[in-house]
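*Asks:* Sharing a structure below in structure tokens format, with a few things to ask.
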Amino acid sequence: MASDSAIGIHDLSFATTGFVLPHTALAEHNGTDIGKYHVGIGQHSMSVAGADEDIVTMGAAAAAPIISRHGADQIRTLVFATESSIDQAKSAGVYVHSLLGLPSATRVVELKQACYGATAALQFAIGLVHRDPAQRVLVIASDISKYELDSPGEATQGAAAVAMLVTADPALVRIEEPSGLFTADVMDFWRPNYRDAALVDGQESITAYLQAVEGTWKDYQEQGGRSLEEFSAFCYHQPFTKMAHKAHRHLLNTCGYDTDESDIKRAIGQTTACNTVVGNSYTASVYLALAALLDHADDLSGRPVGFLSYGSGSVAEFFAGTVVPGYRAHLRTEAHREAIEGRRLLDYAAYRELHEWSFPTDGGDHPTPAQTTGPFRLAALRGHKRIYERR
Ligand code: COA
């Protein structure tokens, strides 16, 4: 049986939507000083979904390159993490399983606990690979973050999917034991079943997140985790990138350090490049931080990285991963750059139209306009069934 330290992320690929709204357009519409967006919350643009894309099309687009590189033979489990689910019963992962042509001998399930879900999926995947190191688990985190127009949350919308292949002897990051865990029943962010847009108490979510940083770190230390000084970088969940800054400052304070701006920048600076232009991708956010770090930092071979995964409501986990020597040969830096740069620019009016778009609920045949050019599209809602196409 493989040891815990030899199981982790073998491949990582992300996808985002076909459209992007720059924060300058939002600021011009609502009269906000752009400094609030660029500096105050640390966001420059947000991915916006077209009418013919959703968490399934993004998830499939993120996972397809992994299947074409490694095949699907050893994948017996697909775990789909999301908090912007498209169905109350059927897992979004089953649609992805079909679009990717995965073997029928696969277990597929959807997991939910706000933005934390993908970390639960990663840990469950590690458990399965520990039981049988010949098996591989496909973890997909895919979300569209949507808040009310003209609400404070509007500037922190976004969308992306991350797919990770979890295996023994991984090529990118070995995930370590122990984890630090923290759960508290708080109402900082939630989305009742009857709503498309989430409800959020922004200031409460910042306070709850910082309590979770403290709580997970305390438990991580009690479980015998590494000391703060050992880490080369920290990947935080980033509902907006300034949150990573606030979280790391809080962790330094918790550990009795003065907060030095250059220390914070060194720890998180390379992890925000994707999230600042994609926006909040909920479950995918902390792993987009990892993608940015691996794609852009100097060689991290053998270096420990800290992960803080936070999901409102709330559940959080702090854990460590060690970057595997030789990882750079397996990165998808160019494809990630193309996913971000290939998005089409929206003006405010076009963004608003997409924000307000939704399917009728009458059970009729409702084709979607062909707006996007990605490998998969949501073609229609027909008799209450979502119809997907592979291009
Ligand atoms: N230049 C630079 N900074 C500026 C500024 C300007 N012109 N104007 C304001 N700011 C700063 C503020 O000082 C503040 O910084 P601070 O937090 O370090 O004090 C920051 O910009 C945000 O300003 P604030 O007045 O708090 O903004 P807001 O009321 O619009 O709320 C959020 C911001 C992030 C709380 C809100 O967008 C939100 O609720 N987002 C959703 C968060 C979420 O999804 N949480 C759940 C998952 S964790």
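The values are calculated or read from the model by the stated rules, or taken from the named source; none is laboratory data. The structure presented is a predicted model; accordingly, all values stated were derived computationally and were not measured. All Cβ positions, glycine included, derive from the backbone under ideal geometry; neighbour counts span all protein chains shown. Side chains included, ligands, DNA and RNA excluded: accessible areas come from the protein's heavy atoms. Shrake-Rupley method; radii C 1.70, N 1.55, O 1.52, S 1.80 Å.
*Asks:* Rounded, prolate or oblate, given the Cα gyration tensor of the stretch 1-103, with a/c below 1.5 counting as rounded? Intermediate results must be reported in sequence, preceding the final value.
*Replies:* Numbers: a/c = 2.75, a/b = 1.87, b/c = 1.47.
Prolate, since a/c reaches 1.5 and a/b exceeds b/c.
*Asks:* Still on this structure, please answer the following. Given a 10 angstrom Cα cut-off, can you work out which residue in R352, R343, R107 is the most mobile in a GNM of the chain?
*Replies:* Looking only at R352, R343, R107, the largest GNM fluctuation is found for R352.
*Asks:* In addition: So how far, in whole Å, is the C-alpha centre of the stretch 135-174 from the one of the stretch 33-64?
*Replies:* With the stretch 135-174 and the stretch 33-64 each reduced to a Cα centre, they are spaced 11 Å.
*Asks:* What is the sum of charges, Lys and Arg at +1 and Asp and Glu at -1, for the other residues whose Cβ falls under 14 Å from the Cβ of W217?
*Replies:* -3
*Asks:* In the calculated pair distance distribution of the stretch 298-391, what percentage of Cα-Cα distances lie above 21 Å?
*Replies:* On the way: 2822 of 4371 pairs.
Of all Cα-Cα pairs in the stretch 298-391, 65 percent lie more than 21 Å apart.
*Asks:* Moving on. With a 10 Å radius around each residue's Cβ, average the other Cβ atoms per peptide and rank 312-323, 36-47, highest first.
*Replies:* Order by mean packing, descending: 312-323, 36-47.
*Asks:* Take the solvent-accessible surface of the protein heavy atoms, probe 1.4 Å, and return the percent of it on the stretch 7-390 that carbon and sulfur atoms account for.
*Replies:* Here carbon and sulfur together make up 49 percent of the probe-accessible area.
*Asks:* So, one more: With every protein chain left in place, what is the accessible area per residue of the stretch 7-390 in square angstrom, probe 1.4 Å?
*Replies:* Result: 40 Å² of accessible area for each residue.
*Asks:* For the stretch 7-390, what does the relative contact order come out to in percent, with C-alpha contacts under 8 Å and a separation of six or more?
*Replies:* 25
*Asks:* Taking H as built 1.01 Å from N, whose amide H comes closer than 5 Å to the amide H of V173, not counting residues under 5 places away?
*Replies:* Correct list: I9, V324.
*Asks:* On to the next question. Arranged from highest to lowest average of other beta-carbon atoms within 10 Å per residue, in what order do the peptides 362-368, 168-174, 257-263 appear?
*Replies:* Output ranking for 362-368, 168-174, 257-263: 168-174, 362-368, 257-263.
*Asks:* Using only alpha carbon positions, build the gyration tensor of the chain, then give the equivalent ellipsoid semi-axes as the square roots of 5 times its eigenvalues, largest first, whole angstrom. Mind showing how you got there, number by number?
*Replies:* Working: eigenvalues 180, 139, 70 Å².
Output for the chain: semi-axes of 30, 26, 19 Å.
*Asks:* Taking 0.36 nm per intervening residue step and subtracting the Cα-Cα distance, what contour gain separates S262 from E389 on full extension?
*Replies:* 40.9 nm
*Asks:* On to the next question. To the nearest Å, what is the center-to-center distance of the stretch 275-308 and the stretch 73-113, using C-alpha atoms only?
*Replies:* First find each Cα centre; the distance between them is then 24 Å.
*Asks:* Once R0 is set to 45 Å, what does the formula 1/(1 + (r/R0)^6) return for the Cβ-Cβ distance between E148 and A329, expressed as a FRET efficiency to the nearest 0.05?
*Replies:* 0.50
*Asks:* What length, rounded to one decimal in nm, is gained on full extension from Q223 through to T254, with 0.36 nm per residue of separation minus their alpha-carbon distance?
*Replies:* 9.5 nm is the gain from fully extending Q223 to T254.
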